[in-house]
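The values are calculated or read from the model by the stated rules, or taken from the named source; none is laboratory data. Worth saying up front: this structure is predicted, and the values here are computed from it rather than measured. Cβ sites come from the backbone with ideal geometry, for glycine too, and all protein chains shown count toward neighbours. We work out accessible area using only protein heavy atoms, side chains counted, and drop any ligands, DNA or RNA first. Shrake-Rupley method; radii C 1.70, N 1.55, O 1.52, S 1.80 Å.
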Amino acid sequence: MDGANNTGSNKNIWYGLGRQRIEIPKPVLKARVTNNPLLKQLYVCSLGYYPKAKAHYTYRKKGLPENFLFYCVDGAGWYKIGDKEYKVGANEFFILPQNEAHAYGSSKDDPWSIYWIHFGGEQLPYFNSLHTIQTHFKPFYIKGSDAIFSGFSKIYKTLELGYSIDNLIFANMCLLHFISLFIYNSKHFVIKQDKINCIESAILFMQDHLDENIALNELSNQYNYSTSRFSNLFKQQTGYAPIDYFIQMKMQKATQQLDFTDQSVKEIAFSMGFEDPHYFSRRFTKVIGMSPTKYRSIKKD
């Protein structure tokens, strides 16, 4: 599309009133970022804001060498990755992974307003391999726009002041927090129960029942999954089997009781739902790396 009339897209850049855009020059990235041991793992390449982006359209046959996080705050649009196309509305975001063909565009009748950020780094392949990241290759509803706007503003205004090493370090330290506001949105903000997934819900259920014994089938039945399917989903998201995760949560609580109370190991074991204090001690040792008695004596020393 032609950008000569200060509207629409030209060479994958939108031209329109009110746009904000910063792209860190490639020589700066090469000289100060990609060889910096602190910054080269994950770093900002460019970011911007397009309000009411009428006729915004982009197609990239080979994708980008970096990731692209895209946040729609108003209006609507669409994007296509591979052979799948998705609709995007207000308060939804998505991530486009590096080196993936994609296209996206604003709604003709209700053009979107969007914040976006491109980020690269040596750790992108690992980043994109995470189950949590892959779930956000699809549109995802989020809360907490004030914190997100503030995070974007910090990065943007810092880079406006130039590419000193301090500015680059600060902006890229802010980047990780900024990304976490999206992919771990429910950890930053209280999300309605119907907006969180079954694994997050199961973990909250575990937290509320640390003094009980919960069977795997009790958890899986609660979310209408078979035990094997639920276990696979849980391990994908957390890296642990459900009951192992529950035991870890119990032991974390037990360390707090050892730290902050005078309860005996036996009393703590009973309060965590263990009828056999010796079995509790064995599980504690496996998770924490030492016995409850030794843990308490070290902390007191």
**Asked** List pairs: first in region 163-181 and free of Cβ contacts under 8 Å to residues at least 12 places away in the same chain, second in a helix (DSSP H, G or I), Cβ under 6 Å, 6+ apart or cross-chain?
**Response** ASN167/THR158
**Message:** Tell me whether region 281-289 contains one or more residues that are assigned to a loop (DSSP other than H, G, I, E, B), more than 28 Å from the chain's Cα centre (by Cα) and at positive phi.
**Reply:** yes
**Item:** Verdict on PHE230 being closer than 29 Å to THR132 by Cα, more than 25 Å from the chain's Cα centre (by Cα) and open to solvent by less than 80 Å² (accessible area, probe 1.4 Å)
**Value:** no
**Prompt:** Can you tell me which residue in region 286-295 is surrounded by the fewest Cβ atoms within 10 Å (Cβ to Cβ), limited to those that are farther than 10 Å from LYS250 by Cβ and β-branched (Val, Ile, Thr)?
**Reply:** THR293
**Asked** Within region 116-134, which residues are without any contact (Cβ under 8 Å) to a residue 40 or more places away in the chain and under 26 Å from HIS56 (Cβ atoms)?
**Response** GLN134
**Asked** Any idea how many residues of region 9-61 are assigned to a helix (DSSP H, G or I) and small (Gly, Ala, Ser)?
**Response** 1
**Message:** Need the failing condition index for SER180 against (1) more than 30 Å from PHE280 (Cβ to Cβ); (2) under 17 Å from the mean Cα position of the chain (by Cα); (3) surrounded by 15 or more Cβ atoms within 10 Å (Cβ to Cβ), just the number.
**Reply:** (3)
**Message:** Is it the case, given these coordinates, that SER9 is hydroxyl-bearing (Ser, Thr, Tyr), farther than 21 Å from ILE133 by Cβ and in contact with a His (Cβ under 6 Å, 6 or more places away or on another chain)?
**Reply:** yes
**Options MET290, MET249; residue that is of a type outside the set (Phe, Trp, Tyr), without any contact (Cβ under 8 Å) to a residue 60 or more places away in the chain and more than 18 Å from ALA215 (Cβ to Cβ)** = MET290
**Prompt:** List the pairs whose first member sits in region 23-38 and is at positive phi, whose second member is open to solvent by less than 50 Å² (accessible area, probe 1.4 Å) and assigned to a helix (DSSP H, G or I), and whose Cβ atoms are under 9 Å apart, counting only residues at least 6 apart or on separate chains?
**Reply:** none
**Complete:** If you go through GLN98, GLN41, the only one that is touching a helix residue (DSSP H, G or I) at 6+ places or on another chain (Cβ under 6 Å) and not small (Gly, Ala, Ser) is GLN98
**Prompt:** Exactly one of (1) at positive phi; (2) surrounded by 19 or more Cβ atoms within 10 Å (Cβ to Cβ) is unmet by TYR156. Its number?
**Reply:** (1)
**Item:** Output for region 38-59, where each listed residue is more than 23 Å from the chain's Cα centre (by Cα) and open to solvent by 30 Å² or more (accessible area, probe 1.4 Å)
**Value:** LYS52, LYS54, ALA55, TYR57, TYR59
**Prompt:** Condition test on SER106, is it touching a His at 6+ places or on another chain (Cβ under 8 Å) and either at pLDDT 95 or above or of a type outside the set (Ser, Thr, Tyr) (or both)?
**Reply:** yes
**Item:** Output for region 245-285, where each listed residue is under 30 Å from GLN134 (Cα atoms) and either surrounded by fewer than 16 Cβ atoms within 10 Å (Cβ to Cβ) or basic (Lys, Arg) (or both)
**Value:** LYS250, GLN252
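So that you can scan it fast, the table gives a plain yes or no per residue for (1) touching a Leu at 6+ places or on another chain (Cβ under 7 Å); (2) not charged (D, E, K, R):
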| residue | (1), (2) |
| --- | --- |
| CYS72 | no, yes |
| TYR104 | no, yes |
| ASP110 | no, no |
| TRP116 | yes, yes |
**Complete:** Across region 62-78, the tally of residues that are part of a strand (DSSP E or B) and in contact (Cβ under 8 Å) with a residue 40 or more places away in the chain stands at 7
